[in-house]
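The values are calculated or read from the model by the stated rules, or taken from the named source; none is laboratory data. Just so we're clear, the structure is a prediction, and the values are computed from it rather than from any experiment. Accessible surface areas use protein heavy atoms only, side chains included; no ligands, DNA or RNA. Shrake-Rupley method; radii C 1.70, N 1.55, O 1.52, S 1.80 Å.
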Amino acid sequence: ASLTHYIAHICLVLLPLRATLGHDEWSAPVGAAVFAGYLVLALPLSAWWMKRFSRGPFESVWAWVSGR
């Protein structure tokens, strides 16, 4: 599920932080808080997803588009 996590990181973390703060540089406490929040959401969702499917959502789409 690496591709899914990469895309989620960009769309759900990086872009909102950039839009909120107006730049790409944020403090260590902000980074640590966002990292902790992402882990709190990503780990349980990933575990739930991977128990039901063999690939992450974006990996599944990529496999379908490529004919696998």
Here's a check for you: in the stretch 32-60, which residue that is closer than 15 Å to Tyr6 by Cα and outside any helix (DSSP H, G or I) is least open to solvent (accessible area, probe 1.4 Å)? Gly56
Could you list, in sequence order, all residues of the stretch 6-31 that are open to solvent by 60 Å² or more (accessible area, probe 1.4 Å) and assigned to a helix (DSSP H, G or I)? Tyr6, His9, Cys11, Leu12, Leu15, Arg18, Ala19, Thr20, Leu21, Ala28, Pro29
Quick one: count up the residues across the stretch 8-26 that are under 16 Å from Gly37 (Cα atoms) and not hydrophobic (A, V, I, L, M, F, W, C). 2
